[in-house]
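**Q** Here it is, the structure, as structure tokens.
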Amino acid sequence: MRKIIHVDMDAFYASVEQRDDPQLRGKPVIVAWQAKRSVVCAASYEARAFGVRSAMPAIQAERLCPAAFFVPPDFPRYRAVSRNVREIFQRHTDLIEPLSLDEAYLEVTENKTGLPTATLVARKIREQIRQELNLTASAGVAPNKFLAKLASDWRKPDGLFVIQPAEVDAFLLPLPVERLPGVGKVTGEKLAKLGIHTVADLRRLDLPALENHFGRYGLRLHELARGTDDSEVVPNRPTQSISVEDTFEQDVLLSETEPMIRRLAEKLWSAARKESRIARTIVLKLKTSEFTILTRSHTPGSPPCSCEELTDIALKLRERVNLSPQQRYRLVGIGLSNFREPEDVTTQSDLFQFHD
């Protein structure tokens, strides 16, 4: 039986800003460039109380919380703090799989410090982060990665939640299916039409039925409903690509996809800022109403330095699709790939500036 910890720093960018500027402590802080087309990179819990969320347009965040303090992001500083957190992890295990600057999986089936339980390891890590970095982290402890990630979100902020092997069903079965990874709006609606609202409902569907309705993802749903996840903690796995996509409620013409591309670009830009490496290639993905997948990609001379520039590139890629104007599409997605270390990107200084 493996012992996995998922550690998630609480409101990481905003917490670093509050830590380093005493005037911001206890105040609603929004990490974003205060510009017309900017998006929120992070929000303190004081700002979240007003409904502010990451990837939200900054102008909308300002309307929700007019008293908020806007702070421009300082990604080199966040990366430095992230390295300090990683050093604390390394005291306990070498099996560390970072997901972004502010979260990681740790396998502590065996640990370096000789602590007898994974719970004690998680408690010690959180204590060291608090004492040495003056920041808080939430942690989840479970027999696998899927459950550990669910657990870390259970008592946020500054919480610790443990799912013992014997407690998996009691924790998992009452959850709404939307809590499962990969169950977005479209899949959730499809499950609801089948009368499936909770994990317990999902477990009642056998594997052939799930595969009939959801194809290859049916097997994954079958496993998740049983708390099964055999994926290993893979240290030093470099990011190959990140992407976001959405399926339309009704098939649309290519000319009608611009609003969705703009929304997806905001989400992707926010996610990309959490990466320690820098993407060089932008990819546009489309799926036709006949389920044919098209991709178009572009590698500019220098990486996009703003959400607006990323959006412009994605929209230009759309112009390279040469199917009939009457062709309809059921899905659009945007991705980033060809990741490089910051020092390998000659224009890296531009990445941390916003140009409106």
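**Q** Could you check residue 275 against (1) of a type in the set (Asp, Glu); (2) modelled with pLDDT of 85 or more; (3) under 19 Å from the mean Cα position of the chain (by Cα) and say which number it fails?
**A** Answer for residue 275: the failing condition is (2).
Table: residues versus (1) free of Cβ contacts under 8 Å to residues at least 40 places away in the same chain; (2) in contact with a Lys or Arg (Cβ under 9 Å, 6 or more places away or on another chain); (3) loosely packed, with under 13 Cβ neighbours inside 10 Å; (4) not assigned by TED's automatic domain parsing to the domain that holds residue 40.
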position: 89; (1), (2), (3), (4): no, no, no, yes
position: 98; (1), (2), (3), (4): no, yes, no, yes
position: 109; (1), (2), (3), (4): no, yes, no, yes
position: 115; (1), (2), (3), (4): yes, yes, no, yes
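**Q** Okay, moving on. When residue 303 is evaluated against the numbered criteria (1) surrounded by 19 or more Cβ atoms within 10 Å (Cβ to Cβ); (2) at pLDDT below 90; (3) part of a strand (DSSP E or B), which criterion, by number, is the only one it fails?
**A** (3)
**Q** List pairs: first residue in the stretch 247-258 and within 13 Å of residue 287 (Cα to Cα), second residue assigned to a helix (DSSP H, G or I) anywhere in the structure, Cβ distance under 6 angstrom, at least six positions apart or on different chains.
**A** 247/186
**Q** Continuing with the same structure: Out of all the residues in the stretch 98-116, which are closer than 23 Å to residue 10 by Cβ and either in contact with a Pro (Cβ under 6 Å, 6 or more places away or on another chain) or among the β-branched types (Val, Ile, Thr) (or both)?
**A** If the condition is that a residue be closer than 23 Å to residue 10 by Cβ and either in contact with a Pro (Cβ under 6 Å, 6 or more places away or on another chain) or among the β-branched types (Val, Ile, Thr) (or both), then 104, 108 are the ones that fit.
**Q** For the list (1) outside any strand (DSSP E or B); (2) out of contact with any helix residue (DSSP H, G or I) (no Cβ under 7 Å at 6 or more places or on another chain); (3) basic (Lys, Arg), I need the number of the one condition that residue 262 fails.
**A** Evaluating residue 262 over (1) outside any strand (DSSP E or B); (2) out of contact with any helix residue (DSSP H, G or I) (no Cβ under 7 Å at 6 or more places or on another chain); (3) basic (Lys, Arg) leaves (2) as the failure.
**Q** Oh, and also: With (1) more than 26 Å from residue 305 (Cβ to Cβ); (2) assigned to a helix (DSSP H, G or I) as the list, and residue 66 as the residue in question, which single condition is left unmet?
**A** (2)
**Q** Looking at the stretch 242-254, is at least one residue among the hydrophobic types (A, V, I, L, M, F, W, C), surrounded by 19 or more Cβ atoms within 10 Å (Cβ to Cβ) and within 18 Å of residue 310 (Cβ to Cβ)? Walk me through it before giving the result.
**A** Pass one, the stretch 242-254, residues among the hydrophobic types (A, V, I, L, M, F, W, C): 242, 244, 248, 252-254.
Applying the additional criterion that residues be surrounded by 19 or more Cβ atoms within 10 Å (Cβ to Cβ) yields 244, 254.
So of that shortlist, the ones also within 18 Å of residue 310 (Cβ to Cβ) come out as 244.
Within the stretch 242-254, one or more residues are among the hydrophobic types (A, V, I, L, M, F, W, C), surrounded by 19 or more Cβ atoms within 10 Å (Cβ to Cβ) and within 18 Å of residue 310 (Cβ to Cβ).
**Q** Restricting to the stretch 120-164, what's the tally of residues that are of a type in the set (Lys, Arg) and over 20 Å from the mean Cα position of the chain (by Cα)?
**A** Keep residues of the stretch 120-164 that are of a type in the set (Lys, Arg), which gives 123-124, 126, 130, 145, 149, 155-156.
Checking the rest, the ones that are also over 20 Å from the mean Cα position of the chain (by Cα) come to 123-124, 126, 130.
Total meeting the criteria: 4.
**Q** Now for a different question. Any residue that is charged (D, E, K, R), touching a Ser or Thr at 6+ places or on another chain (Cβ under 9 Å) and either free of Cβ contacts under 8 Å to residues at least 24 places away in the same chain or over 27 Å from residue 20 (Cα atoms) (or both) - is there at least one of those in the stretch 141-151? Walk me through how you get there before you give the answer.
**A** First pass over the stretch 141-151, keeping only residues charged (D, E, K, R): 145, 149.
Filter once more, keeping what is touching a Ser or Thr at 6+ places or on another chain (Cβ under 9 Å): 145.
Next cut, either free of Cβ contacts under 8 Å to residues at least 24 places away in the same chain or over 27 Å from residue 20 (Cα atoms) (or both) only: 145.
Within the stretch 141-151 (the criterion being charged (D, E, K, R), touching a Ser or Thr at 6+ places or on another chain (Cβ under 9 Å) and either free of Cβ contacts under 8 Å to residues at least 24 places away in the same chain or over 27 Å from residue 20 (Cα atoms) (or both)), the answer is yes, since at least one residue qualifies.
**Q** Shifting gears a bit: Among the residues of the stretch 35-44 satisfying the criterion of being buried (at least 16 other Cβ atoms within 10 Å of the Cβ), more than 19 Å from residue 8 (Cα to Cα) and of a type outside the set (A, V, I, L, M), which is modelled with the lowest pLDDT?
**A** Here is the first cut: in the stretch 35-44, the ones buried (at least 16 other Cβ atoms within 10 Å of the Cβ) are 35, 37-44.
Pick out the ones that are also more than 19 Å from residue 8 (Cα to Cα) and you get 35, 37-39.
If we keep only those that are of a type outside the set (A, V, I, L, M) too, we end up with 37-38.
Details: 37: 64, 38: 73.
For the stretch 35-44, the residue satisfying everything is 37.
**Q** If only one of 52, 81 is part of a loop (DSSP other than H, G, I, E, B), of a type in the set (Val, Ile, Thr) and either surrounded by fewer than 19 Cβ atoms within 10 Å (Cβ to Cβ) or not assigned by TED's automatic domain parsing to the domain that holds residue 273 (or both), which one is it? Step through it out loud before you land on a result.
**A** Numbers: 81 fails: part of a loop (DSSP other than H, G, I, E, B).
Of the residues listed, the single one that is part of a loop (DSSP other than H, G, I, E, B), of a type in the set (Val, Ile, Thr) and either surrounded by fewer than 19 Cβ atoms within 10 Å (Cβ to Cβ) or not assigned by TED's automatic domain parsing to the domain that holds residue 273 (or both) is 52.
Each row is one residue, and each column tells you yes or no for (1) at positive phi; (2) of a type outside the set (Val, Ile, Thr); (3) at pLDDT 90 or above; (4) touching a Ser or Thr at 6+ places or on another chain (Cβ under 7 Å).
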{"residue": "30", "(1), (2), (3), (4)": "no, no, yes, no"}
{"residue": "46", "(1), (2), (3), (4)": "no, yes, yes, no"}
{"residue": "57", "(1), (2), (3), (4)": "no, yes, no, no"}
{"residue": "64", "(1), (2), (3), (4)": "no, yes, yes, no"}
{"residue": "67", "(1), (2), (3), (4)": "no, yes, yes, no"}
{"residue": "101", "(1), (2), (3), (4)": "no, yes, no, yes"}
{"residue": "112", "(1), (2), (3), (4)": "no, yes, yes, yes"}
{"residue": "118", "(1), (2), (3), (4)": "no, yes, yes, no"}
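**Q** Here are some conditions: (1) without any contact (Cβ under 8 Å) to a residue 60 or more places away in the chain; (2) in a loop (DSSP other than H, G, I, E, B). Residue 233 meets all but one. Which one does it not meet?
**A** Among (1) without any contact (Cβ under 8 Å) to a residue 60 or more places away in the chain; (2) in a loop (DSSP other than H, G, I, E, B), residue 233 violates only (1).
The values are calculated or read from the model by the stated rules, or taken from the named source; none is laboratory data. Every value quoted in this text rests on a predicted model; they were computed, and no experiment measured them. Cβ: placed from backbone, ideal geometry, glycine included. Neighbour counts: every protein chain shown.
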